[in-house]
Amino acid sequence: MIRVLCEASEIATGDAIVAYLREGLAASAVEIQLTGSAWSGDPEWDDALVVLFRDNVANDAFVQSIDSYKNLHRVPDPQSGQSVPGGFILPVALDPAATKPPPPIDLIKSLTWDGTAAVASRLLERLKVLLGLALMRGHSIFISYKQPTGAMLAQDLYDRLLGAGFAPWLDAAPHSLPVGANVQATIHRHIESAALLILVDTEDVAQSDWIGEEIDAAYAQFVPILPVIPGGRNTSSFISVKSNERRALVQAGQPTAGPLSDQDWDVVLHEVEALLLSCYQRRMRIIAHAEKEFTAQGYQWQVLDPRRRMYFARLEGQPPMQVLSHCLIHEPTDIAALKAYEQYLVDRSKATPMPVTPLCVYDRNSILSKYERKNVHQFLVLYPYTLAHVNQLHTIISNNFNPRFLT
Amino acid sequence: MNTPDELAEGSAPLAGLRIGLSGAVPEREVWGDIQDLDRLITRFVGQFAGMAFDLGADIVHGSHPSFTPLLIEMAKQYCGEEGEKRLTLVRAESLGEPSRYARERMSRYANTTVSVLPGGVGMQFPNQRDAALTAMRLVLISQIDVLVAIGGKVHPDTGRPSGVLDEMALARLRGVPCFPIAALGGGIQQANPEVLRQFAAGAQLQPEEFDRLAVRSPDIDLAAGWLIAHLIKHRDKWGGTGFRIEGRFGHGMALQTQRARGNIPRVEIRPEMVANALQELDPVRSAIKSGAADVVANLFTTRSEVEPISSGFVELQHLLLDR
């Protein structure tokens with residue numbers, strides 16, 4: 001759910017923005033919310049708050065709405081593990097002379113609204129970037145660096161990412177690996193919270209065993225790595241990252257890594273946004289892919305409930321095959337999302353007693369491991385169904401859902 | 001080789017199939033209109049490896065630094081509980097060692113083989129890196145039934161031949177069926193589609209199936225699934241090329257002693273073998289450059305013969321199967 005928060009006096013602008021976003025974000029609901037009201041409904045993966053403001057003076061109603069949103073959308077702090085207020089917020093300035101948002105969102109850089117298609121498009125893209133981040137397993141952007149050479153650049157990246165509405169986390173490598181600790185397990189758990197790892201790629205960074213392990217863990221867990229390479233070099237100090245074709249080259253001609261110029265920051269931000277946007281766009285293709293796999297094998301495809309992503313596929317034959325599919329946008333280990341589909345099946349079976357093969361299709365970087373499958377299926381007791389990666393569909397469908405190919 | 005019906009009786013659909021995985025993320029300037037080609041390729045590798053392991057297959061890979069941690073993680077997730085090692089990583093000794101911690105993970109979840117050109121021999125080749133990689137590729141190819149190739153560096157600055165095409169060529173010259181995923185671009189696309197069809201001959205692909213893997217489309221995210229389904233469907237066709245390497249295991253230590261100490265098997269490759277392989281590649285590289293698909297077809301109809309070094313040496317495949 002995307003909500004556009006505004007004062008009653010700005011409702012016309014709010015409605016215009018809602019209309020534009022509804023068209024551009026077909027898979028998400030978009031609504032207006034007036035200041036003073038609390039966020040209603042349970043938190044969803046695609047929640048974001050677009051906040052319209054005209055000056056940088058906050059009133060109680062404004063603060064109350066934002067606080068209620070942030071408290072409902074708590075996120076784990078990567079360092080402490082405690083849950084802290086969070087949620088995606090995108091401030092939009094209605095007056096070009098007052099672009100700094102009021103507290104409590106004064107640290108986030110705003111977009112200035114002028115009603116043009118260009119700005120509307122930029123707003124839509126920013127939201128998709130945030131939704132792309134929401135689709136990654138962790139939500140934090142890790143900034144990995146070696147002290148002392150990378151410290152200033154790392155801090156600047158942190159401040160700027162915070163200002164852009166992200167949740168950065170500074171990750172200084174220890175001077176030496178802890179003795180006796182299970183270092184690999186520690187690093188792997190650590191990396192699980194990361195949506196993206198930004199590597200402050202100073203010349204000496206490859207001397208850090210800790211960062212080397214973080215990079216290996218990031219590759220193993222599909223966490224994208226973006227090396228920010230200062231000082232005129234065009235390749236990473238790490239051999240494994242050298243072949244990584246994403247990089248941000250900054251501070252050419254500068255002998256030491258320091259705060260970025262605005263131009264260099266634009267280079268970094270462009271890389272971050274492009275990556276997250278592509279993640280969002282790829283995940284949204286799951287429905288088209290599922291439809292393609294079924295229709296290519298002779299099924300007729302019918303949309304049952306677009307908002308809940310429910311589809312019906314039928315193959316004529318004796319007996320006919322009927323498959324009720326849910327295209328899952330979430331991670332396939334999200335038990336709440338899986339149980340919601342299970343409940344849908346239970347309710348539907350009471351209303352429409354028709355034999356169907358129930359299927360939940362997901363898309364992520366890898367298929368569920370045996371351990372993950374076992375863990376998930378112990379929660380699905382009311383109405384068991386098949387959980388399949390979109391890349392498993394071809395085999396499953398062509399083998400008539402033979403359990404041997406479901407593994 | 002089991003028929004699909006025999007496989008239906010209970011074994012995993014791809015049990016015993018040894019799949020080589022070749023490739024790399026291409027340079028950014030050749031990504032074209034796919035803004036996240038790097039992510040697509042790593043997703044392909046992760047999803048394909050996961051499904052392959054899950055369905056009983058083995059994977060063999062040439063230790064590319066950006067794919068290796070991912071493949072080890074997949075091996076851990078899908079084979080780790082069984083205690084089996086169905087991932088084999090082959091690397092050239094002269095091209096560097098993994099980190100201490102990487103080696104620890106590799107020893108837990110993968111077999112490793114190191115290919116070695118005997119000391120000083122590398123110097124006789126004009127391009128030592130090429131020679132070392134060729135030796136590694138020969139060892140890799142001796143351990144696989146099929147080869148899947150994706151992406152690959154293009155080397156626009158140096159004009160070096162594409163490593164992924166070299167690997168496929170060496171495999172095809174030894175009768176190993178190849179699957180070039182050209183739809184994701186990279187070094188593979190240095191060969192035109194008609195030449196690539198010759199690389200894919202023997203892979204049991206219908207023309208439209210080849211096109212689906214070779215031509216860029218919005219569905220290319222599904223390539224891993226299509227390929228797995230194809231491997232299952234034609235399971236009885238894979239395997240038994242007969243190419244093997246009989247190598248000398250170095251430093252005078254007995255083989256059993258090396259394994260008992262946990263040492264990684266090192267395969268010393270005869271320089272003549274590497275020189276022959278490089279000579280084989282020359283006409284293939286020229287034909288790729290000129291787009292001469294008929295020449296490539298003729299070259300691939302010849303299979304190399306392996307001459308044993310002498311009696312008494314242990315076959316590499318027997319060594320690796322001895323878990």
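Select from the stretch B:1-15 the residues that are surrounded by fewer than 17 Cβ atoms within 10 Å (Cβ to Cβ) and modelled with pLDDT of 90 or more and list them in ascending order.
Across the stretch B:1-15, the qualifying residue is only B:Ala15.
I'm trying to understand the selection: among the residues of the stretch A:222-253, which are among the polar types (S, T, N, Q) and either over 21 Å from B:Arg105 (Cβ atoms) or more than 7 Å from every other protein chain (Cβ to nearest Cβ) (or both)? So that I can check it myself, show each step before the final result.
Restricting attention to the stretch A:222-253, the residues satisfying the condition of being among the polar types (S, T, N, Q) are A:234-237, A:240, A:243-244, A:251.
Passing the criteria: A:Asn234, A:Thr235, A:Ser236, A:Ser237, A:Gln251.
Go over the candidates B:Leu227, B:Leu281 one by one and state the one that is under 21 Å from B:Gly175 (Cβ atoms), at pLDDT 90 or above and in contact with a strand residue (DSSP E or B) (Cβ under 8 Å, 6 or more places away or on another chain). Write out each step before concluding.
Working: B:Leu281 fails: in contact with a strand residue (DSSP E or B) (Cβ under 8 Å, 6 or more places away or on another chain).
Of B:Leu227, B:Leu281, the one residue that is under 21 Å from B:Gly175 (Cβ atoms), at pLDDT 90 or above and in contact with a strand residue (DSSP E or B) (Cβ under 8 Å, 6 or more places away or on another chain) is B:Leu227.
Spot the failing condition for B:Asn192; the list is (1) more than 14 Å from chain A (Cβ to nearest Cβ); (2) surrounded by 20 or more Cβ atoms within 10 Å (Cβ to Cβ), and only one is missed.
(2) is the only condition that B:Asn192 fails.
Determine which member of the set A:Lys100, A:Lys128 is in contact with a helix residue (DSSP H, G or I) (Cβ under 6 Å, 6 or more places away or on another chain) and closer than 26 Å to A:Ala16 by Cβ.
Unique residue meeting the criteria: A:Lys128.
Out of the stretch A:322-360, which residues are of a type in the set (A, V, I, L, M) and surrounded by fewer than 18 Cβ atoms within 10 Å (Cβ to Cβ)? Don't jump to the end; show me each part of the working.
Step one: list which residues in the stretch A:322-360 are of a type in the set (A, V, I, L, M), which gives A:323-324, A:328-329, A:335-338, A:340, A:345-346, A:351, A:354, A:356, A:359.
Hits for the stretch A:322-360 are A:Ile335, A:Ala336, A:Ala340, A:Val346, A:Ala351, A:Met354.
Mind listing just one residue for me: the one in the stretch A:371-395 that is part of a helix (DSSP H, G or I) and without any contact (Cβ under 8 Å) to a residue 12 or more places away in the chain and, of those, farthest from the other protein chains (Cβ to nearest Cβ)? Outline the logic, then answer.
Step one: filter the stretch A:371-395 for residues part of a helix (DSSP H, G or I), giving A:371-377, A:390-395.
Subsequent filtering for residues that are without any contact (Cβ under 8 Å) to a residue 12 or more places away in the chain retains A:371, A:374, A:377, A:395.
Working: A:Tyr371: 7, A:Lys374: 10, A:His377: 15, A:Thr395: 4 Å.
Restricting to residues being part of a helix (DSSP H, G or I) and without any contact (Cβ under 8 Å) to a residue 12 or more places away in the chain, the top hit is A:His377.
Restricting attention to the stretch B:161-182, which residues are hydrophobic (A, V, I, L, M, F, W, C), in a loop (DSSP other than H, G, I, E, B) and more than 13 Å from the chain's Cα centre (by Cα)?
B:Leu173
Among the residues in the stretch B:7-22, are any assigned to a helix (DSSP H, G or I), more than 30 Å from A:Gln207 (Cα to Cα) and more than 17 Å from the chain's Cα centre (by Cα)? Show your work before the answer.
Here is the first cut: in the stretch B:7-22, the ones assigned to a helix (DSSP H, G or I) are B:7.
Imposing the further condition that a residue be more than 30 Å from A:Gln207 (Cα to Cα) reduces the set to B:7.
From what's left, more than 17 Å from the chain's Cα centre (by Cα): B:7.
Within the stretch B:7-22, one or more residues are assigned to a helix (DSSP H, G or I), more than 30 Å from A:Gln207 (Cα to Cα) and more than 17 Å from the chain's Cα centre (by Cα).
Quick check on A:Arg126: is it buried (at least 16 other Cβ atoms within 10 Å of the Cβ), at pLDDT below 95 and among the charged types (D, E, K, R)?
Details: buried (at least 16 other Cβ atoms within 10 Å of the Cβ): yes; at pLDDT below 95: yes; among the charged types (D, E, K, R): yes.
Taking the combined requirement at face value, the residue satisfies it.
Could you check, for the stretch A:205-215, whether at least one of its residues is under 23 Å from A:Ala274 (Cβ atoms) and within 13 Å of chain B (Cβ to nearest Cβ)?
So far as the stretch A:205-215 goes, yes, one or more of its residues are under 23 Å from A:Ala274 (Cβ atoms) and within 13 Å of chain B (Cβ to nearest Cβ).
Could you go through the stretch A:353-364 and let me know if any residue there is within 14 Å of chain B (Cβ to nearest Cβ) and assigned to a loop (DSSP other than H, G, I, E, B).
Going residue by residue through the stretch A:353-364, those that are within 14 Å of chain B (Cβ to nearest Cβ) are A:361-364.
Next, only the ones that are assigned to a loop (DSSP other than H, G, I, E, B) stay: A:363-364.
Checked against the condition, which is being within 14 Å of chain B (Cβ to nearest Cβ) and assigned to a loop (DSSP other than H, G, I, E, B), the stretch A:353-364 yields at least one hit.
Suppose the filter is among the aromatic types (Phe, Trp, Tyr), surrounded by fewer than 16 Cβ atoms within 10 Å (Cβ to Cβ), closer than 28 Å to B:Ala49 by Cα and under 28 Å from the mean Cα position of the chain (by Cα); does A:Tyr371 pass it?
Working: among the aromatic types (Phe, Trp, Tyr): yes; surrounded by fewer than 16 Cβ atoms within 10 Å (Cβ to Cβ): yes; closer than 28 Å to B:Ala49 by Cα: yes; under 28 Å from the mean Cα position of the chain (by Cα): yes.
So A:Tyr371 passes the test.
Taking the options A:His330, A:His326, name whichever one is in a strand (DSSP E or B), in contact (Cβ under 8 Å) with a residue 12 or more places away in the chain and within 24 Å of the chain's Cα centre (by Cα). Full working, then the answer.
Details: A:His330 fails: in a strand (DSSP E or B).
After ruling out the rest, the residue left standing is A:His326.
Out of all the residues in the stretch A:119-136, is one or more part of a loop (DSSP other than H, G, I, E, B) and touching a residue at least 24 places away in the same chain (Cβ under 8 Å)? It would help to see each step written out before you state the result.
So the first thing to find is which residues in the stretch A:119-136 are part of a loop (DSSP other than H, G, I, E, B), and the list is A:136.
Filter once more, keeping what is touching a residue at least 24 places away in the same chain (Cβ under 8 Å): A:136.
So far as the stretch A:119-136 goes, yes, one or more of its residues are part of a loop (DSSP other than H, G, I, E, B) and touching a residue at least 24 places away in the same chain (Cβ under 8 Å).
Working only within the stretch A:324-365, note down all residues that are of a type in the set (D, E, K, R), out of contact with any helix residue (DSSP H, G or I) (no Cβ under 7 Å at 6 or more places or on another chain) and under 19 Å from A:Ile286 (Cα atoms). Break it down stepwise before answering.
First, the residues of the stretch A:324-365 that are of a type in the set (D, E, K, R): A:331, A:334, A:339, A:342, A:347-348, A:350, A:363-364.
Next, only the ones that are out of contact with any helix residue (DSSP H, G or I) (no Cβ under 7 Å at 6 or more places or on another chain) stay: A:331, A:334, A:339, A:342, A:347-348, A:350, A:364.
Of everything in the stretch A:324-365, those that are of a type in the set (D, E, K, R), out of contact with any helix residue (DSSP H, G or I) (no Cβ under 7 Å at 6 or more places or on another chain) and under 19 Å from A:Ile286 (Cα atoms) turn out to be A:Glu331, A:Asp334, A:Arg364.
What is the one condition in (1) more than 14 Å from every other protein chain (Cβ to nearest Cβ); (2) in a loop (DSSP other than H, G, I, E, B); (3) within 23 Å of A:Leu393 (Cα to Cα) that B:Pro218 does not satisfy?
(1)
Mind listing whichever residues of the stretch A:218-238 are surrounded by fewer than 24 Cβ atoms within 10 Å (Cβ to Cβ) and under 25 Å from B:Ala49 (Cβ atoms)? Show your work before the answer.
To start, the set of residues in the stretch A:218-238 that are surrounded by fewer than 24 Cβ atoms within 10 Å (Cβ to Cβ) comprises A:220-223, A:226, A:231-238.
A:Ala220, A:Gln221, A:Phe222, A:Val223, A:Leu226, A:Ser236, A:Phe238 - these are the residues of the stretch A:218-238 that are surrounded by fewer than 24 Cβ atoms within 10 Å (Cβ to Cβ) and under 25 Å from B:Ala49 (Cβ atoms).
Results for (1) within 14 Å of chain B (Cβ to nearest Cβ); (2) more than 30 Å from A:Asp47 (Cβ to Cβ); (3) assigned to a loop (DSSP other than H, G, I, E, B), shown as yes or no for each residue.
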{"position": "A:Val268", "(1), (2), (3)": "no, no, no"}
{"position": "A:Glu271", "(1), (2), (3)": "yes, no, no"}
{"position": "A:Ala274", "(1), (2), (3)": "yes, no, no"}
{"position": "A:Ala290", "(1), (2), (3)": "yes, no, no"}
{"position": "A:Thr295", "(1), (2), (3)": "yes, yes, no"}
{"position": "A:Gly298", "(1), (2), (3)": "no, yes, yes"}
{"position": "A:Phe312", "(1), (2), (3)": "no, no, no"}
{"position": "A:Pro319", "(1), (2), (3)": "no, yes, yes"}
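Can you go through A:Ser208, A:Ser240 and tell me which one is touching a helix residue (DSSP H, G or I) at 6+ places or on another chain (Cβ under 8 Å) and on the phi < 0 side of the Ramachandran plot?
Working: A:Ser208 fails: touching a helix residue (DSSP H, G or I) at 6+ places or on another chain (Cβ under 8 Å).
After ruling out the rest, the residue left standing is A:Ser240.
Quickly run through the stretch A:328-349 and pick out the residues that are within 13 Å of A:Phe379 (Cα to Cα) and among the hydrophobic types (A, V, I, L, M, F, W, C).
We begin by selecting, within the stretch A:328-349, every residue within 13 Å of A:Phe379 (Cα to Cα); these are A:332-343.
Answer for the stretch A:328-349, where residues must be within 13 Å of A:Phe379 (Cα to Cα) and among the hydrophobic types (A, V, I, L, M, F, W, C): A:Ile335, A:Ala336, A:Ala337, A:Leu338, A:Ala340.
From the residues in the stretch B:38-47 that are more than 8 Å from chain A (Cβ to nearest Cβ) and over 12 Å from A:Arg364 (Cα atoms), which one is surrounded by the fewest Cβ atoms within 10 Å (Cβ to Cβ)?
Applying the filter and picking the extreme gives B:Ile41.
Could you say which residue among B:Phe48, B:Phe67, B:Phe44, B:Phe53 is within 16 Å of A:Ala217 (Cα to Cα) and among the aromatic types (Phe, Trp, Tyr)? Please lay out each step first, then the result.
Values: B:Phe48 fails: within 16 Å of A:Ala217 (Cα to Cα); B:Phe44 fails: within 16 Å of A:Ala217 (Cα to Cα); B:Phe53 fails: within 16 Å of A:Ala217 (Cα to Cα).
Of B:Phe48, B:Phe67, B:Phe44, B:Phe53, the one residue that is within 16 Å of A:Ala217 (Cα to Cα) and among the aromatic types (Phe, Trp, Tyr) is B:Phe67.
The values are calculated or read from the model by the stated rules, or taken from the named source; none is laboratory data. Source: prediction; values computed, not measured. Here the Cβ is made from the backbone with ideal geometry for all residues, glycine too, and neighbour counts use every protein chain on show.
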